[in-house]
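Each reported figure results from applying straightforward, stated rules to the coordinates on display, with no laboratory input. From a predicted model like this one, the values you see are computed outputs, not experimental measurements. Glycine gets a Cβ as well: all are built from the backbone with ideal geometry, and neighbour counts include every protein chain shown.
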Amino acid sequence: MTNYSDKLKNIRGFSSDFISLGVFSFRNAIVSYFTSFLDDELDGNYIDSSSNHININYLNSYIETIIHFHHFFEISLKSILENINIIYIYDIKEFEEVNFLHSIISNSIDKDTLLKKSKNFKTISLEKTLERLNKLKNLNSDLAKLLNELNIENNTINQLIHLRNEISHRGIHYLEINDFDDLIGSKIIPSAYKLISHSFPESTKEIWKHGNLQIKFEPIEAIIDHYKKNSKPNYHTLKIIKSLGKSAYSFPYFENNYGNKKIAFENSKDFNFSSETKECPVCGNLSLKFYEIGMSVRNKTFAECNNCSLFIDDIETFKKITFLN
C-alpha cells in the first residue's frame, strides 16, 4: 500500500510568503462566521422538534468556524514558538526524536534534511503550545510583550479548544447563536485579526482578505468595533454586518442563495410587490433591489443584490451601517 506520508510537500518550498496553511484556515473561519446568521422567516433549513428549532445552516457555519479558528491558532502560535526555537514545537517522547532535536541544537542538520525528517515526528497540540508559551514568556520579556499585544488570552484559547473537542470527539453540543457571536466577536476575532497581521506577510492579504468594496467598510473591523463600543451587543446589527461580510467574501465569486425564496414569495397568494433599485454597497452595481412584500399579517421589506448575493432583511439597521439613503 502506498504510504502517502512520504508524498507530503512543504508549502514553504514554493514561496517564503507561505509560512503555513493557517492563512487559509483564517479565511475559512471568517467566511463561515459571516454565514452564521438566521433568517427566521425566509430560511426553512432547520430541524423541527417539539421544543425548539435547530437551523442546519447555522450549525454548519458553527462547526466550520470553530474548527478553522482552532487550526489557525494552533498553526500560528506554533510559528511563534518555532521562531524562538523549532525544538519547542515537537513532542519529545522517544530517543530517536531526542537525537533529531540534538542535531538541530548543534546545527549539524541542513535545511533539506530537516524538512524531510520533521515529517516523521509529531508536533504538539494547541493546548500544549499554549502551555509552553506561558512558561516561556516568564523567561522571555519580548515574548510576554508580544502575547500581550496580540491579546492572546488563556481562557479564550482554552474555551476554543474545548468547543473544538466537543465537535470532534463528542459531536452533540453547540452554542446558541448569541453566545456564539459573543465568543467569536468579542474574543476570538480580535485576537485572530492581530495574529494574522503579525504572523503572515502583507502579500497574503490577497488570500485571507476580501476584495475592494464599493463603500469604505471592513466587516471584520466592524464586528470588533461593535463589541468594543457596546457592552450589550445589538444582534440585529451583527446580523447585518455578517451579511455584508458574507457578500464581501463572495465578491467577485458570487452565489445567489435566495433566488428560490424570492420566487416563492412572488407566487404566494398574499403577495403585493413593489421595488426600487440602488447601487450595491458591496459590488457597486446598480443591482440592489428593495422589495416590499405584503403578507396577511404585516409587510416585510428586504433588500437583495442580484449581482453579489447581498441579502438584508433589516433595512433600517442596514441603512445606518452603510449610510445608504
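When the chain is fully extended, how far beyond the present Cα-Cα distance does Lys320 get from Asn165, taking 0.36 nm per residue of separation?
Numbers: separation 155, 0.36 × 155 = 55.80 nm, distance 3.90 nm.
The span from Lys320 to Asn165 would gain 51.9 nm if fully extended.
Could you please rank His71, His169, His236, placing first whichever residue has the fewest other Cβ atoms within 10 Å of its Cβ?
On the way: His71 20, His169 7, His236 14.
Lowest count first: His169, His236, His71.
What is the sum of charges, Lys and Arg at +1 and Asp and Glu at -1, for the other residues whose Cβ falls under 13 Å from the Cβ of Ile30? Mind dumping the intermediate values first?
Values: positive: Arg27, Lys205, Lys209, Lys242, Lys246; negative: Glu64, Glu218, Glu221.
Surrounding charge for Ile30 is +2.
Give the calculated FRET efficiency between His198 and Lys135 to the nearest 0.05, with a Förster radius of 22 Å applied to their Cβ-Cβ distance.
Details: r = 21 Å, r/R0 = 0.94.
After rounding to 0.05, the efficiency reads 0.60.
Using the structure shown, select from Lys135/Lys216; Lys209/Lys239; Lys145/Lys242 the pairs with a Cα to Cα distance greater than 30 angstrom.
Numbers: Lys135/Lys216 42 Å; Lys209/Lys239 20 Å; Lys145/Lys242 32 Å.
Exceeds cut-off: Lys135/Lys216; Lys145/Lys242.
As a footprinting exposure proxy, order Lys320, Lys239 by other Cβ within 10 Å, with the fewest listed first. If you can, show how the numbers build up before the last one.
Working: Lys320 12, Lys239 21.
Taking fewest neighbouring Cβ atoms as first place, the list is Lys320, Lys239.
Given a Förster distance of 35 angstrom, what is the FRET efficiency for Glu221 paired with Asp91, based on the Cβ-Cβ distance and rounded to 0.05? Each step should come with its number before you reach the end.
On the way: r = 37 Å, r/R0 = 1.06.
E between Glu221 and Asp91, to the nearest 0.05, is 0.40.
Treat the count of other C-beta atoms within 10 Å as a stand-in for reagent exposure and order Lys216, Lys205 from fewest to most. Walk me through the intermediate numbers first.
Values: Lys216 8, Lys205 13.
Ascending Cβ contact count within 10 Å gives the list Lys216, Lys205.
Please list, in order along the range 198-203, the HN-Hα scalar couplings obtained from phi with the Karplus expression 6.51 cos²θ - 1.76 cosθ + 1.60 (θ = phi - 60°), rounded to whole Hz, x for Gly and Pro.
7, 8, 10, x, 4, 5
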